[in-house]
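Every number here is computed from the coordinates shown, using simple stated rules; none is lab data. Every value quoted in this text rests on a predicted model; they were computed, and no experiment measured them. Here Cβ is always computed from backbone atoms with ideal geometry, including for glycine, and neighbour counts include all displayed protein chains.
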Amino acid sequence: MKRVRTQKSGELTDQLKFRDATPDDVAVIAGLQNAAAGALTARFGAGHWSSLVTERSAALAQRHARVRVGRLGKRIVTVVRLATKKPWAIDVSYFTPVNRPLYLTGVAVSVAHQGQGLGKLAMEDACAVARDSLADAIRLDAYDSPAGAGDFYAKCGFNERGRVVYRNDPLVYYELLLE
């Protein structure tokens, strides 16, 4: 289990520990993702970000992606999914050609813990996992709307690669090249 520390001791971020998700985490992951979707819907109105996940889909995610959870004690407060398979909404022509990209297909932070730096630490963990797996880059898309997380990804060091509309949804592509 990897522990991430910040420079200020004693904060929540000092206590956040990361590990791969297990089948026992499925219900908690689905609940966390649904609560985050509900909060976005309450703040920005209905959209694709309003989609709810089932426990079945959360379990399938673990079969098709590497799912990382961040824990405060025994409580899961962050979830990140990294996949080797390209999502349908990604057009690779917008990205830097690399041999081994990973695709970030989901990030969620517990509503009660948003805005405290835990999402950034979860992204740092995802980058470390990607580097350890010898990936060349992390690619993702974000909604091009107020509910989208583009600013967050930019703050995490991702570069914008293009803007597209896929099935009537405006998206922004981001990429982080890994060393």
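Given the chain, report the % of alpha carbon pairs whose separation exceeds 28 Å.
On the way: 3050 of 15931 pairs.
Across the chain, Cα pairs with separations above 28 Å total 19 percent.
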| message | Restricting to lysines 8 or more places apart or on different chains, can you count the pairs in the chain with Cα atoms under 21 Å from each other? | response | 10
| field | Label-to-label distance, nm, for residues given as Leu177 and Lys17 (7 Å Cα→Cβ offset) | value | 3.7 nm
| said: What is the distance in Å between the Cα centroid of segment 100-179 and that of segment 17-69? | reply: 15 Å
| message | Residues of segment 73-98 with backbone nitrogen within less than 19 Å of a virtual label 7 Å along the Cα-to-Cβ line of Glu160, please, listed as ranges. | response | 90-96
| task | Please give the FRET efficiency for Asp132 paired with Arg75, using the beta carbon to beta carbon distance and R0 = 22 Å, rounded to the nearest 0.05. | result | 0.30
| What 222 nm value per residue comes from the helices of the chain, counting each DSSP H run with n ≥ 4 as -39,500 (n - 2.57) and dividing by all residues, nearest 500 deg cm²/dmol? | -9000 deg cm²/dmol
